[in-house]
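Notes for the one structure printed next.
Every read-out reported here was derived from the displayed coordinates using simple, explicitly stated rules and does not represent laboratory data. Since the structure is predicted, the reported quantities are computational estimates derived from the model, not experimental observations. Note: ideal-geometry Cβ built from the backbone for every residue, glycine included; neighbour counts use all protein chains shown.
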Amino acid sequence: KEFGISLEEDITFYRAKGCNKCNNTGYKGRIGLYELMLVSENIEKLAIERANTDEIMKVAISEGMTTLQEDGLEKAKKGLTSLEEIARIVI
């Protein structure tokens, strides 16, 4: 619920288990979570006006920015990481 996922969605999430090969982390290798904000004219104007972070974030999201949490959820839905790992990083 914290991630805004509907229980009716047909998604399988995985939990990291761990073994000797992965040092009991449940993960092998690394995968990045990314939040990329393109600086549009609107965002540039807000920055010049010294708008607060929340205002800039709201405009960036309305212009299509993917947040760190959204990127993490997409990777969790693909089985690349777990919800616990996403929560550890973003919450």
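Worth pointing out:
- For Lys77 and Asn20, the difference between the fully extended length at 0.36 nm per residue and the C-alpha to C-alpha distance is 18.0 nm.
- Among Tyr34, Ala51, Ser82 - extreme Cα towards positive end, dipole of the range 7-83, charges at beta-carbon: Ser82
- In straight-distance terms, cross-link reach from Lys78 covers every one of the aspartates and glutamates whose alpha-carbon lies under 13 Å from its own, apart from those fewer than eight places away in the same chain; here that gives Asp10, Glu70.
- Total charge dipole magnitude, the range 8-57, about the Cα centre, Cβ charges on Lys, Arg, Asp, Glu only, Debye to nearest 20: 740 debye
- Reachable aspartates and glutamates from Lys17, criterion Cα separation under 14 angstrom, eight or more residues apart if same chain: Glu84, Glu85
- About the centre of its Cα atoms, the chain shows a dipole size close to 760 debye [charges on the beta carbon of Lys, Arg (+1) and Asp, Glu (-1) only; nearest 20 debye].
- Within straight-line cross-link reach of Lys45, lysines at Cα separation under 25 Å, skipping those fewer than 8 residues along the same chain: Lys58
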